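The structure appears right after this line, and notes come after that.
The values are calculated or read from the model by the stated rules, or taken from the named source; none is laboratory data. Since we're looking at a predicted model, the values are computed, not measured. Cβ atoms come from the backbone with ideal geometry, glycine included; neighbour counts cover every protein chain shown.
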């Protein structure tokens with residue numbers, strides 16, 4: 001499978017909800033693991049480059065326990081890759097990250 005590295009240096013990521021387990025089999029509910037046996041998670045994010053319009057992406061990442069995500073949290077996404085796919089006449093691009101973490105906001109603006 002070919003993957004394309006994504007330069008995230010000018011991108012901002014915002015959680016669009018919490019992380020959910022990535023399923024290997026929707027019928028059985030079996031959860032997908034990576035090659036090291038670590039559970040895969042998915043989170044929908046709004047990704048924006050500079051002042052351009054944002055796009056919704058579904059990003060997969062491996063973690064023993066996902067970060068506690070809520071709508072609107074800023075995220076740091078490292079090692080993002082785009083993975084083009086095609087199956088049974090359908091096609092698209094999947095996104096996977098080496099890590100995903102919440103950007104802690106300092107007390108700026110606190111009175």
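Computed values, structure above
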| quantity | calculated |
| --- | --- |
| Residues satisfying the stated conditions in the stretch 42-57, i.e. surrounded by fewer than 15 Cβ atoms within 10 Å (Cβ to Cβ), in contact (Cβ under 8 Å) with a residue 24 or more places away in the chain and part of a strand (DSSP E or B) | 49, 56 |
| Residue in the stretch 28-40 that is buried (at least 17 other Cβ atoms within 10 Å of the Cβ), touching a strand residue (DSSP E or B) at 6+ places or on another chain (Cβ under 8 Å) and at pLDDT 95 or above present | yes |
| Pick from the stretch 7-17, criterion in a loop (DSSP other than H, G, I, E, B) and touching a strand residue (DSSP E or B) at 6+ places or on another chain (Cβ under 7 Å), ranking: surrounded by the most Cβ atoms within 10 Å (Cβ to Cβ) | 16 |
| Some residue of the stretch 29-41 being touching a residue at least 12 places away in the same chain (Cβ under 8 Å) and under 10 Å from the mean Cα position of the chain (by Cα) | yes |
| Among residues of the stretch 77-91, those that are within 17 Å of residue 42 (Cβ to Cβ) and either at pLDDT below 95 or touching a helix residue (DSSP H, G or I) at 6+ places or on another chain (Cβ under 7 Å) (or both), counted | 1 |
